[in-house]
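Worksheet: the structure to be examined is printed underneath.
The values are calculated or read from the model by the stated rules, or taken from the named source; none is laboratory data. Please read these numbers as outputs of a predicted model, since none were measured by experiment. Here Cβ is always computed from backbone atoms with ideal geometry, including for glycine, and neighbour counts include all displayed protein chains. Only protein heavy atoms, including side chains, enter the accessible area calculation; ligands, DNA and RNA are left aside. Shrake-Rupley method; radii C 1.70, N 1.55, O 1.52, S 1.80 Å.
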Amino acid sequence: MLTGLIDKVRFFWSSGNERSLKIKKNIIYSFLIKGGSILIGLSLVPLTIHSINPLQFGIWLTISSMGAWISNFDIGLSNGLRNKLAHALALGETDNIKGYVSTTYAILFLVSLFVFVALSFIGSFFNWNQLLNISSSINYNIWPVIVITLAGFCMQFALQPINTVLIATHNPFKASLITFFGQLLTFMIIFIWTRYSPITLVTLVTVMVAGPILVMVFSHFYFFIGSLKNFKPGFRSVQLFSAKSLLHTGGVFFILQLGALILYQTDNIIITKTLGPGEVTVFNI
């Protein structure tokens, strides 16, 4: 019986054409990687709550929900890049691939820089403790926490095309692997840190945003020097005239992104404004 099962598994992995085999590999690997990400996420919640407290954890969840809005400032550019790359690879039109990738990186970098500077300037005029209904038990200004979160999400926003390129080249499990290692690194740093010294909200947020960024930066060197060297972005390859084509393709996706943003990223803000940050922790758990 065991021999028959092993034979079936071998047949599953070896049967089919090259594209079918790649699909099977992506399905299995993605299932395992996402399962690992779920386990790390579940383990990270009690670790962080015990490291600070439910109120401060609720503050982080609310601020991170606001930071997630930044990912939608690309106006569908990443989705446009994915479609353009997939189309070019399918038809063998590889001449403009590097231009598409370089242009996307250049635009997202400029947008992320503008967003960080603009929001940092505008946000400095508000009392965020009052806006987020934070009780007097938090006797310090949380604006630095917001700035750190904003900087982290802007950096991730500028680096995110690597995931798009991996998906377009039929390697979505590698994009999931980047997320997994970012979560794993974050978990390890917090776990080790809390064993030797207390951790503050500022420290926690810094680790939360820095872990994924470090993994993404390493991934850029690893992939663009190796398997994706033909897609490596460069300043000389930037073609601003192709931005219109990328935005046109991704425009419909942007509308869907806005809908998802309203559905999934406003709960924490509404709860913290009406009931307080502590209830955000309860809701998310």
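Note down the accessible area of residue 51, probe 1.4 Å, to the nearest 10 Å².
Rounded to the nearest 10, the figure is 30 Å².
Over all alpha-carbon pairs of segment 126-201, lay out the pair-distance distribution in 10 Å bins, whole %, shortest bin first.
15, 29, 31, 20, 6, 0
More than 14 Å apart: what percent of Cα pairs in segment 193-237 qualify?
So the portion of pairs separated by more than 14 Å is 64 percent.
With all protein chains present, calculate the accessible area of residue 271 using a 1.4 Å probe and round the result to the nearest 10 Å².
The accessible area of residue 271 comes to roughly 30 Å².
Any idea what the relative contact order of segment 119-231 is, in percent, if you count C-alpha pairs under 8 Å spaced at least 6 apart?
29 percent
Output the pairs from 22/98; 34/174; 174/229 with a Cα-Cα distance over 19 Å in this structure; if there are none, say none.
22/98
If Lys and Arg each add +1 and Asp and Glu each add -1, what is the summed charge of the other residues whose beta carbon sits under 11 Å from the beta carbon of residue 62?
-1
Please give, to one decimal in nm, the separation of the simple spin-label points placed at residue 285 and residue 221, each 7 Å out from Cα toward the Cβ.
If labels sit at residue 285 and residue 221, their model points lie 3.9 nm apart.
Please work out how much accessible surface residue 216 shows to a 1.4 Å probe, ignoring ligands, DNA and RNA, in Å² rounded to 10.
20 Å²
When the accessible area of segment 107-241 is split by element with a 1.4 Å probe, what percent falls to carbon and sulfur?
73 percent
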